[in-house]
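A.B. asks: Here you go, one structure.
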Amino acid sequence: MSVRMPEPDGAVLARREQIVKALRTMVPGEGVIASTREMKPFETDGLTAYHQLPMVVVLPETTEQVSQVLAYCHAEGIKVVPRGAGTSLSGGALPLADGVLLGMAKFNKIKDIDFDNRVAVVEPGVTNLAVSTAVAHAGFYYSPDPSSQIACTIGGNVAENSGGVHCLKYGMTTNNVLGCEIVLITGEVLRLGGKHLDAEGYDLLGLVVGSEGLLGVVTEVTVRLLKKPETARAVLVGFPSSEDAGECVSSIIAAGIIPGGMEMMDKPAIHAAEAFVHAGYPLDVEALLIVELDGPAVEVDHLIARVETIARECRAVSVKLSTSEQERLLFWAGRKAAFPAVGRISPDYYCMDGTIPRAQLPLVLKRMKELSGRYGLAVANVFHAGDGNLHPLILYDSNKPGELDRAEQFGSDILRLCVEVGGVLTGEHGVGVEKRDLMPTMFSEIDLNAQQRVKCAFDAKGLLNPGKVFPELHRCAELGRMHISGGKLPFPDIPRF
Amino acid sequence: MTDVLKPRDAKEVEDAVRWALAHDKALELIGQGSKRALGRPSQTDITLDLSGLSGVTLYEPAELVLSAKAGTPLAEIEALLDNNNQQLDFEPMDYGPLLGGEAGRGTLGGAIATNLSGPRRLKAGAARDHFLGVTAVTGRAETIKSGGRVVKNVTGYDMCKVLAGSWGTLAAMTDITIKVLPKPETEATVVVEGLDDARACAAMAAAMGSSCDVSAAAHLPDHVASYFDGLPRPEAATALRLEGVAPSVVHRKEALAALMKPFGPVALLEEANSKALWKSVRQVKPFAGSQERPLWRISTAPGKGYEVAAAITPAAQMFYDWAGGLIWVAMPFANEPDAGSIRRTVAELGGHATLIRAPASLRASVEVFEPQSAGLAALSKRVKDGFDPKGVLNPGRMWAGV
């Protein structure tokens, strides 16, 4: 583990027994877990290279309990790490040795389904897919669809601003959430937004979404529901080069078409997926595009014909239109199984998540190939091509000494490369502990301090999920200070009227 | 007479804020000043005119991204996009005529700072949903950046969201990057005629709950219908817009007309009339002429729109956008915004109300923005203090002390 976590507080650890006892008065029965054996399942999240047993696990069931636990931890100076389903790929739910792990799994009720307002009010422990399942009978769904949607929870989606393959057309979590109930570390319960469309005052909900559990604990979420498109069809297009595939993506968008999904895979990913799923992917191409159009049949047929024409103009060597729902799902099955497919050809893989301006794709792939040679580790790429979100999968073997370290360094180099070409460190997986120390490649100290002052407004003692997102923790008092200088208007030649 | 500082670049904006800090001066931030009469009248010493920071710095249509300096006129950006068959999907409304000014003014920075949106809000979101990246000078005279030029980005807190709709109280934005989108090939509008407000809200809910992909839904009661362009008759109209490729619009128009038939007589507006109608909805045309009537903008759950409206005095004029979730209300008497009853109604039924237009003296004595609970107000104040601890940027524009 190469990322250093905050030093455990010896004074807190010394009081562990007393703390557990106090927590049991707030959350009864099995809601407080203190034995090493039972805490074991909570020691890691989706970033399994990192693990740490928490001081104690608390599984509250009501907002009042969350409020009581947080107020207690605030008064006692105890750190708290919130956790949904623990599917974070960036270590966002990695426990702290001296911290309470606050698991929200028991908040699993759908409280209100309101078709008139096209919203659902759900508790944060409800899984992403369960929301869509609960409203499917009426032809509705919840559009953000991260790959982990069968397991990941809405609370976790809010914390991470989760995306999925349909973001280009339908937006990320932040565009699909209207309100929440949030408990601050002080125990104070606040409501942000509601069933109406825009924020009253500052858009604090917009800050909370994607804040990685550092600002508060969400206990209820109001999500938007969308009506399912009448139909969807996909087209599978093979290209002799990633440049051609990239040009095709640009041409589709330049033609005014925003597909429901537009995914690209490189040769290693195509081969791994085809060997696993037999989706009928062409194996003699360098890049494969899956373009999905959704809407009324007449629209989908119209647009898919245009996409086919554009693809051929961009030197596609194979074009295959789905002719049935079954075939469409098969096209996607290969893409959706890309991660486990890569898992079959390599003992371990490390999934990265940078976003780049799409035009930079050929350059990034070329440089990645060079890095792959230098580190002696293979890499397969899947790419949300429409929005430039790249998922390189670095293949390594954790049983070979040094390979994990090399994979991590390779990954860091890829992310630096993303930033260098005008992109960002993470498109949808979050910073967590994984990319924490890379934040200065994208942000200056001034930028990061401004973000930490937002943190101070919500959590002045820095007790919620410390050690995540920010490479360096400053005290709020220190961040609050101002040094004013500049005795006279330093630009006397500025026009004044 | 307030002095005006007009910086020419981002560095001079930082210098101006640093100077204001050193001299305990409060700055009023403006672009073209088109929304200057909106919000609480703030006590400022100097106007910081950001319209000198102008020009599109990056536009890549195939990447759906545009960057511009914050003072760039919105009209310039919209014209550039139009030439490339693209648009601002959030369809920003124009407050100018509502506030007694000219139409077609305003800057990109102003649109973002006030989180503008339009009829397409219910499908495509507001300015906040298209705001990808920013460089801004905080009230600490520090230049910060957040976000980027890519759509998918979760690196660090989403500072763009809190700056959108902060009315210049947190930072002076200098450079802005937004997502742009293709213009729909064509549009049409299905109009259901003669519905009362309750029935209209039900019709809009049915339309929004269909797979017709309605991109705007407004109800224009008969007392204001004649102000809108493009309608077949000056009577109550419940209008539903469809946008997209021609064969799709034709198909959905038929499907939606069939779905709406049980509610009342249906009329169809082709592209030109549809465009004219939605432009007048976007510009809140009925209330843009006379400046006499105090004007409220109420945002609520679409299904509650009718109930909220029913609780307001019948002498008020009003119409609904966002399938009932946005109500524009012009109160009957000058100098009487009747804030008490509006606030009580909204508090009971959910949502929030903003006093868009009233004389400055009233906007100083009546809350302009929805009053917040003690906890939320305190949190907002702490957020403000993080950005602008000395209150040099638009102090009091949203709430006293913030």
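The values are calculated or read from the model by the stated rules, or taken from the named source; none is laboratory data. This structure is a prediction, so every number in the text was calculated from the model and none was measured. Methodologically, a virtual Cβ is constructed for each residue, glycine included, from the backbone with ideal geometry; neighbour enumeration extends over all protein chains shown.
A.B. asks: What's the total number of residues in segment A:331-381 that are acidic (Asp, Glu), surrounded by 17 or more Cβ atoms within 10 Å (Cβ to Cβ) and not in a strand (DSSP E or B)?
C.D. replies: Within segment A:331-381, residues that are acidic (Asp, Glu), surrounded by 17 or more Cβ atoms within 10 Å (Cβ to Cβ) and not in a strand (DSSP E or B) number 1.
A.B. asks: Moving to a separate point now. If you check residue B:402 against the conditions, is it crowded, with 17+ Cβ neighbours inside 10 Å, closer than 29 Å to residue B:144 by Cα and at pLDDT below 95?
C.D. replies: For residue B:402, the condition - crowded, with 17+ Cβ neighbours inside 10 Å, closer than 29 Å to residue B:144 by Cα and at pLDDT below 95 - is met.
A.B. asks: So if I check each of B:393, B:362, which one is crowded, with 24+ Cβ neighbours inside 10 Å and more than 27 Å from residue B:120 (Cα to Cα)?
C.D. replies: B:393
A.B. asks: Between A:300, A:307, which is more than 27 Å from the chain's Cα centre (by Cα) and buried (at least 24 other Cβ atoms within 10 Å of the Cβ)?
C.D. replies: A:307
A.B. asks: Shifting gears a bit: On the basis of being more than 9 Å from chain A (Cβ to nearest Cβ) and outside any loop (DSSP other than H, G, I, E, B), does residue B:162 make the cut?
C.D. replies: No, not satisfied.
A.B. asks: When you check residue B:379 against the structure, is it in contact with a helix residue (DSSP H, G or I) (Cβ under 8 Å, 6 or more places away or on another chain) and not small (Gly, Ala, Ser), yes or no?
C.D. replies: Against the criterion (in contact with a helix residue (DSSP H, G or I) (Cβ under 8 Å, 6 or more places away or on another chain) and not small (Gly, Ala, Ser)), residue B:379 qualifies.
A.B. asks: Of (1) at pLDDT 95 or above; (2) of a type outside the set (A, V, I, L, M); (3) touching a His at 6+ places or on another chain (Cβ under 7 Å), residue A:191 satisfies all except one. Which?
C.D. replies: (3)
A.B. asks: While we're on this one: I want to confirm something. Restricting to segment A:195-251 and keeping residues that are of a type in the set (Asp, Glu) and at pLDDT 95 or above, which single residue is surrounded by the fewest Cβ atoms within 10 Å (Cβ to Cβ)?
C.D. replies: Out of the qualifying residues, it is A:220.
A.B. asks: Being farther than 27 Å from residue B:181 by Cβ, touching a residue at least 24 places away in the same chain (Cβ under 8 Å) and of a type in the set (Gly, Ala, Ser) is true for just one of B:104, B:109, B:96, B:52. Which residue is that?
C.D. replies: Answer to the check: B:52.
A.B. asks: Could you check how many residues of segment A:423-450 are surrounded by 18 or more Cβ atoms within 10 Å (Cβ to Cβ), outside any helix (DSSP H, G or I) and not basic (Lys, Arg)?
C.D. replies: 13
A.B. asks: Can you find a residue in segment B:235-257 that is surrounded by fewer than 19 Cβ atoms within 10 Å (Cβ to Cβ), in contact with a strand residue (DSSP E or B) (Cβ under 8 Å, 6 or more places away or on another chain) and away from chain A (no Cβ under 13 Å)?
C.D. replies: Yes; the residues of segment B:235-257 include at least one that is surrounded by fewer than 19 Cβ atoms within 10 Å (Cβ to Cβ), in contact with a strand residue (DSSP E or B) (Cβ under 8 Å, 6 or more places away or on another chain) and away from chain A (no Cβ under 13 Å).
A.B. asks: Got a number for residues in segment B:307-333 being outside any helix (DSSP H, G or I) and either over 16 Å from residue B:119 (Cα atoms) or free of Cβ contacts under 8 Å to residues at least 60 places away in the same chain (or both)?
C.D. replies: Of the residues in segment B:307-333, 14 are outside any helix (DSSP H, G or I) and either over 16 Å from residue B:119 (Cα atoms) or free of Cβ contacts under 8 Å to residues at least 60 places away in the same chain (or both).
A.B. asks: Assess whether residue A:293 counts as being more than 14 Å from every other protein chain (Cβ to nearest Cβ), in a strand (DSSP E or B) and touching a residue at least 40 places away in the same chain (Cβ under 8 Å).
C.D. replies: no
A.B. asks: Moving on. If I filter segment B:112-121 for residues that are within 30 Å of residue B:258 (Cα to Cα), at pLDDT 95 or above and part of a helix (DSSP H, G or I), do I get at least one hit?
C.D. replies: Checked segment B:112-121: at least one residue is within 30 Å of residue B:258 (Cα to Cα), at pLDDT 95 or above and part of a helix (DSSP H, G or I).
A.B. asks: Of the residues A:333, A:287, A:316, A:311, only one is modelled with pLDDT of 95 or more, among the aliphatic types (A, V, I, L, M) and within 30 Å of residue B:213 (Cα to Cα); which?
C.D. replies: That would be A:311, the only listed residue that is modelled with pLDDT of 95 or more, among the aliphatic types (A, V, I, L, M) and within 30 Å of residue B:213 (Cα to Cα).
A.B. asks: How many residues does segment A:73-112 contain that are outside any loop (DSSP other than H, G, I, E, B) and surrounded by fewer than 18 Cβ atoms within 10 Å (Cβ to Cβ)?
C.D. replies: Of the residues in segment A:73-112, 5 are outside any loop (DSSP other than H, G, I, E, B) and surrounded by fewer than 18 Cβ atoms within 10 Å (Cβ to Cβ).
A.B. asks: Tally time: how many residues in segment B:36-54 are outside any strand (DSSP E or B) and more than 15 Å from residue B:135 (Cα to Cα)?
C.D. replies: Result for segment B:36-54: 12.
A.B. asks: Separate question: Do you know which residues across segment A:451-483 are of a type in the set (A, V, I, L, M), part of a loop (DSSP other than H, G, I, E, B) and free of Cβ contacts under 8 Å to residues at least 24 places away in the same chain?
C.D. replies: A:460, A:482
A.B. asks: Right, another one. For residue B:75, indicate whether it is in a helix (DSSP H, G or I), among the small types (Gly, Ala, Ser) and buried (at least 24 other Cβ atoms within 10 Å of the Cβ).
C.D. replies: Spelling it out, it is not the case that residue B:75 is in a helix (DSSP H, G or I), among the small types (Gly, Ala, Ser) and buried (at least 24 other Cβ atoms within 10 Å of the Cβ).
Yes/no matrix, rows are residues, columns are (1) surrounded by fewer than 24 Cβ atoms within 10 Å (Cβ to Cβ); (2) charged (D, E, K, R):
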| residue | (1), (2) |
| --- | --- |
| B:139 | no, no |
| B:142 | yes, yes |
| B:157 | no, no |
| B:181 | yes, no |
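A.B. asks: A further question on this structure: Can you find, within segment B:369-383, the residue that is nearest to residue A:459 (Cα to Cα) among those that are facing chain A (nearest Cβ under 7 Å) and assigned to a loop (DSSP other than H, G, I, E, B)?
C.D. replies: Residue satisfying both the conditions and the ranking: B:372.
A.B. asks: For residues in segment A:313-330 being part of a loop (DSSP other than H, G, I, E, B) and surrounded by 18 or more Cβ atoms within 10 Å (Cβ to Cβ), which is nearest to the chain's Cα centre (by Cα)?
C.D. replies: Only one residue fits best here, namely A:322.
A.B. asks: Of all the residues that make up segment B:46-59, how many are within 13 Å of another protein chain (Cβ to nearest Cβ) and crowded, with 16+ Cβ neighbours inside 10 Å?
C.D. replies: Residues that pass the stated criteria total 9.
A.B. asks: For segment A:152-164, does any single residue satisfy the condition of being under 16 Å from residue B:373 (Cβ atoms) and away from chain B (no Cβ under 11 Å)?
C.D. replies: The answer is no; no qualifying residue exists.
So that you can scan it fast, the table gives a plain yes or no per residue for (1) modelled with pLDDT of 95 or more; (2) surrounded by fewer than 17 Cβ atoms within 10 Å (Cβ to Cβ); (3) in a helix (DSSP H, G or I):
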position: A:11; (1), (2), (3): yes, yes, yes
position: A:21; (1), (2), (3): yes, yes, yes
position: A:48; (1), (2), (3): no, yes, no
position: A:52; (1), (2), (3): yes, no, no
position: A:66; (1), (2), (3): yes, no, yes
position: A:69; (1), (2), (3): yes, no, yes
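A.B. asks: Among B:304, B:390, which is assigned to a helix (DSSP H, G or I), of a type outside the set (A, V, I, L, M, F, W, C) and either free of Cβ contacts under 8 Å to residues at least 40 places away in the same chain or within 14 Å of chain A (Cβ to nearest Cβ) (or both)?
C.D. replies: Within the list B:304, B:390, the selection yields B:304.
A.B. asks: Does residue B:198 satisfy being under 30 Å from residue B:274 (Cα atoms), outside any loop (DSSP other than H, G, I, E, B) and outside the structural domain of residue B:16 (by TED's automatic domain parsing)?
C.D. replies: yes
A.B. asks: Just one of the numbered conditions (1) touching a Phe, Trp or Tyr at 6+ places or on another chain (Cβ under 7 Å); (2) closer than 17 Å to residue A:46 by Cβ; (3) small (Gly, Ala, Ser) is not true of residue A:132; which one?
C.D. replies: (2)
A.B. asks: If residue B:43 passes every condition in (1) touching a residue at least 40 places away in the same chain (Cβ under 8 Å); (2) more than 18 Å from residue B:14 (Cα to Cα); (3) buried (at least 16 other Cβ atoms within 10 Å of the Cβ); (4) away from every other protein chain (no Cβ under 13 Å) but one, which one does it miss?
C.D. replies: The number of the failed condition is (3).
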